[in-house]
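The values are calculated or read from the model by the stated rules, or taken from the named source; none is laboratory data. Since the model is a prediction, treat every value here as computed from it, not as a measurement. Positions of Cβ are generated from backbone atoms using ideal geometry, with glycine treated the same way; all protein chains shown enter the neighbour counts. Protein only, heavy atoms only, side chains kept; ligands, DNA and RNA dropped before computing areas. Shrake-Rupley method; radii C 1.70, N 1.55, O 1.52, S 1.80 Å.
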Amino acid sequence: MRKKQVEAAAVSSTSRDPRTIQPNVQLETGRRRTSRNGAIVFTFVVFALAVTLVLAMFQVVSGAIGLAALLAAVVVGALAASSVHLVMEWEKAVVMRLGKFNRVAGPGIVFTWPIIEFYTLRIDQRVIATYFGAEETLTADLVPVNVDAVIFWMVFSAKKAAMEVEDYASAVSWMAQATLRKAIGRASLSEVAARRDQLDAELKDVLTEKLSEWGIDVMDVEVRDIVVPRELQQSMAAEAVATREKNARMILAEAEADISAMLKDASANYADDPEAMRLRTMHLAYESVKQSGGTLVIPSAFSEGFTDPDAAEALARAAKQG
């Protein structure tokens, strides 16, 4: 039975789409998060102290602890626990009085009037990282892409975060996802892939403007990954290879044109100066022997062209006639 449950869990985990976007998803980093256990223990201690004091008073006054004393102790303990609160250093408590906003309290020990006052929400004012993404969003050139991003934000106004929006953390996630989808729809695939920094800046500006009304400040937005369908990856790779080959051939053609122009200029210089032509011939022969390390055998008629100008001119005339 245990084996079947493990196999079913494995099948369900492999069939689940890894690209599914979950609001307020928390990525495991292996680090311990801060805890509010101390504040919870403090509440229990306040409750226990109040109950103990009431029971002690009944013991002193009446000499016995009955059911009425126990009920009175529990009621007083509950009122004391609801009146004394411990707010952590990174938190703010939104205190309501008879259903209306009264104040923002904390950090430290916060006192409220029992029954009349209560705090509805503890606002975490640290920087929060929220993962969001756009699933199968069409770009301006109708290419479906998956884009994942992370938004870093914090609450600067606890009152607005509690009064203006119901669940500000979920609202940030959904607002970021909607903004990302709109930004992708206005750009082509090449612009989304090549202008990631501009996409980050655009998302940050838009989200800052919208979320500031809820008392939330956007610290930064970072695009993590851009994934195109596998069907398009091969065609895009082939297009990139073809583009590179085209550029390489164009560069080679430009180099050939430059070389031919330089050879044309050199031939004009050598035509007017036979001595330079002979020096060039000797230099080429020397370089070929130097690089190969062999021996250059020159025919006698050709060798005379290195020393006898008349013989060289005769050879040139013979070459033109033949």
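Modelled spin-label separation between ARG36 and GLU209, with each label point placed 7 Å from Cα along the Cα-to-Cβ direction: 3.5 nm.
In a fully extended conformation the segment linking ALA129 and ALA268 would gain 42.8 nm over its present Cα-Cα distance, using 0.36 nm per residue.
Taking 0.36 nm per residue of separation and subtracting the current Cα-Cα distance, fully stretching the chain between ILE115 and VAL60 would add 16.9 nm. Size of region 95-188: Rg and Dmax of its alpha carbons, in Å, are 19.0, 61. In order along region 255-272, the Karplus-derived 3J(HN,Hα) couplings, from 6.51 cos²θ - 1.76 cosθ + 1.60 at θ = phi - 60°, round to 5, 4, 5, 5, 5, 4, 5, 5, 5, 5, 5, 5, 5, 5, 5, 6, 5, 8 Hz, and Gly and Pro are given as x.
With the simple spin-label model, which puts each label point 7 Å out from Cα in the Cβ direction, the ASP217 to ARG244 separation comes to 4.6 nm.
With Cα atoms defining each centre, region 256-287 and region 179-219 are spaced 61 Å apart in the structure. Summed over the residues of region 78-236 and divided among them, the accessible surface reaches 52 Å² per residue at a probe radius of 1.4 Å.
To the nearest 10, the accessible area of PHE156 is 110 Å² with a 1.4 Å probe. Rounded to the nearest Hz, the phi-derived 3J(HN,Hα) couplings of region 173-186 under the Karplus curve 6.51 cos²θ - 1.76 cosθ + 1.60 (θ = phi - 60°) are 5, 5, 5, 5, 5, 5, 5, 5, 5, 5, 5, 5, x, 8, where x marks glycine and proline. Applying a threshold of 22 Å to the alpha-carbon distances of LYS160/LYS204; LYS92/LYS182; LYS100/LYS159; LYS159/LYS210; LYS264/LYS290 flags LYS92/LYS182; LYS264/LYS290 as lying beyond it. Summarising the label geometry, the points placed 7 Å from Cα in the beta-carbon direction at GLU287 and LEU67 lie 11.7 nm from one another.
With a Förster radius of 22 Å applied to the beta-carbon distance between GLU166 and LEU138, the computed FRET efficiency rounds to 0.10. Above 19 Å, the calculated P(r) of region 60-140 contains 59 percent of its Cα-Cα pairs.
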